[in-house]
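> My questions all concern the structure below.
The values are calculated or read from the model by the stated rules, or taken from the named source; none is laboratory data. Since the structure is predicted, the reported quantities are computational estimates derived from the model, not experimental observations. Glycine also receives a Cβ, built like all others from the backbone with ideal geometry; neighbour counts cover every protein chain displayed. Surface areas here come from the heavy atoms of the whole protein model, side chains and all, with no ligands, DNA or RNA. Shrake-Rupley method; radii C 1.70, N 1.55, O 1.52, S 1.80 Å.
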Amino acid sequence: MRNEMVVSISSVIARIKNILTQTMDLDGIWIQGEISNLTKHRSGHYYFSLKDKSGEMSCVMFSSYVSRLNFNVQEGMRVLVSGSINVYEQRGSLQLVIRQMKQDGLGDLYLEFEKRKQDLLKAGYFDANHKKTKPEYIENIGVITGAGAAALQDVLSTIQKRWPMMKVTLYPSLVQGNFAPKSLIQSLKKADTCGHDALLIVRGGGSFEDLFCFNDVELIKTIYNLNTYIVSGVGHEVDTTLCDLVCDHRSVTPTAAAQWVTFDQYDVMNKIVKDKELLYRNMSLILNGYKSKLEQYKSYPYLKDPKAFIVDKQLKLDAYHTQMEHALSLELQKMNLIKNYKEQLAFSMHQVLRDSKQNLSIIPEKLEVSMHNKIQEKRHILMRDCALLDAYSPLKVLSRGYSISKVEDKVIKSIHDVKSDDIMITRVHDGVITSRIASCKEE
């Protein structure tokens with residue numbers, strides 16, 4: 001032992017770091033891999049693992065190099081990186097210090113995530129109108145997570161601080177690995193039948209692969225069909241799973257999920273105190289208002305002397321009674337006057353009908369005389385017109401030796417109306433003569 005060299009672990013790590021940095025020259029080399037367990041620190045640095053099917057290595061990219069990137073680094077993204085080997089001496093871990101990065105496509109797991117997301121989105125599993133409304137009062141919740149998970153402790157401690165009277169029931173489940181989806185589905189279905197006001201499905205942060213069980217299609221469909229209001233609190237703020245999208249509300253962390261379903265007891269107490277003060281002020285205002293009205297009622301004369309009120313009303317009633325009697329008397333007078341007018345009208349109508357009947361009885365005789373005179377007058381006029389018509393009749397003229405000659409129904413008035421060989425028809429008193437024109441001579 002005396003001849004053996006003893007050195008500290010930090011010296012060994014420093015020696016390893018020295019050898020690696022001097023012998024491992026990665027200049028001009030692009031390293032290909034898939035980003036996993038990505039953490040974007042508030043300082044601007046990126047911490048993640050770069051892996052392929054056979055290996056994995058921790059990486060860091062400082063903010064000065066991050067600011068030069070022209071794309072958004074995502075979990076599951078395949079990239080090409082360039083940098084140098086380094087040993088983190090505090091933990092003795094090997095890591096790549098990245099100075100450059102460019103996209104090399106998306107990882108298979110991330111592609112599967114996107115495919116499932118698009119299929120479920122088209123099927124309507126993420127529709128906002130399907131999401132249930134948060135209950136107004138949540139007093140009984142079920143928590144679906146690992147029995148010994150840190151997420152459970154976060155939830156319980158948050159509830160204890162904010163609303164310790166909350167009833168909490170744990171439904172233990174696997175939250176990582178291939179059997180996790182089936183375990184989560186069983187716990188969710190059981191919790192959904194127990195009458196809770198809300199269900200919390202929570203898990204702490206982890207890599208993209210660790211959280212991938214929360215992207216299971218059957219799990220999403222189960223959550224979609226739950227009857228209980230459900231809140232997700234899976235991973236950290238940068239982690240988004242399909243479970244987050246289908247739940248009625250998504251909280252960024254388990255602690256935020258617990259805060260979402262609980263009241264803050266101190267806020268509630270302060271509100272109760274303020275409401276109590278407001279109620280006291282409002283009641284004081286109301287009571288003061290009623291006191292003022294009561295004083296007004298007390299000073300009202302009729303309340304001081306109710307009999308005076310009755311006497312006043314009795315006097316008014318008597319006055320109304322007198323007015324009604326007077327009005328009734330006037331109405332009776334009007335009715336009597338109308339009755340007299342009716343009798344006078346009936347008598348007048350009787351007289352008119354009697355006179356009219358007498359006048360009508362002599363009208364037929366007058367009408368007969370007038371008609372006889374009219375007929376005699378018209379007969380004389382007719383006889384006169386017949387005598388005149390007979391006097392001017394063409395037949396009378398013909399009987400005196402005159403005749404009427406026609407050619408083709410045209411009366412001949414001049415020798416120019418005929419020509420030789422025309423057939424002429426002559427009408428005389430006692431018949432018709434047909435002749436042919438031999439010649440015409442003007443005289």
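> Can you give the relative contact order of the chain as a percent, counting alpha carbon pairs under 8 Å and 6+ residues apart?
8 percent
> Keeping all protein chains in place, calculate the accessible area per residue for the range 179-246 (probe 1.4 angstrom), answer in Å².
Per-residue value: 36 Å².
> OK, next. Which residue, Y280, Y341, Y402, tops the fluctuation ranking in a GNM of the chain built on C-alpha contacts under 10 Å?
Y402
> For the range 120-212, what ratio Rg/Rh do Cα atoms give with a Kirkwood hydrodynamic radius?
Ratio of gyration radius to Kirkwood radius: 0.99.
> How large, in percent, is the carbon and sulfur part of the accessible surface of the chain at a probe radius of 1.4 Å?
Reported share for carbon and sulfur atoms: 56 percent.
> Which loop chymotrypsin sites (Phe, Trp or Tyr not before Pro) in the range 105-144, with loop taken from DSSP, have no more than 14 other Cβ atoms within 10 angstrom of their Cβ?
Working: sites: Y110, F113, Y125, F126, Y137; in loops: Y125, F126, Y137.
Hits after loop and neighbour filter: Y137.
> Sticking with this structure for a sec: Over all directions, the average projected area of the alpha-carbon convex hull for the chain comes to how many nm²?
With the hull built on Cα positions only, its mean projection is 85.7 nm².
> Using a Gaussian network for the chain with springs between C-alpha atoms less than 10 Å apart, which of these wobbles most: V12, V175, V60?
Maximum fluctuation in the GNM of the chain, among the listed residues, is at V12.
> Moving on. Where Lys and Arg each count +1 and Asp and Glu each count -1, what net charge lies around Y125 among other residues with Cβ under 13 Å from its Cβ?
-1
> Any chance you could check the Cα centroid distance between the range 428-443 and the range 345-359 for me, in angstrom?
Comparing the Cα centres of the range 428-443 and the range 345-359, I get a distance of 80 Å.
> Which far-off residues, 5 or more places away or on another chain, put their amide H under 5 Å from the one on I230, with H placed in the peptide plane?
L199, D248, H249
> Right, next: Exactly which GluC sites (Glu not before Pro) in the range 1-97 are in a DSSP loop and have at most 12 other Cβ atoms within 10 Å?
E4
> Using 0.36 nm times the number of residues separating K167 and E56, minus their current alpha carbon distance, what extension gain do you get?
Full extension from K167 to E56 adds 35.6 nm.
> Something else about it: State in Å² the accessible area per residue of the range 20-155; use a 1.4 Å probe, count heavy atoms of protein chains only, and round to the nearest integer.
58 Å²
> Of the trypsin sites (Lys or Arg not before Pro) in the range 34-71, which ones lie in a loop per DSSP and count no more than 12 other C-beta atoms within 10 Å?
For trypsin sites (Lys or Arg not before Pro) across the range 34-71 that sit outside H, G, I, E and B with at most 12 neighbouring Cβ atoms in 10 Å, the list reads R42, K53, R68.
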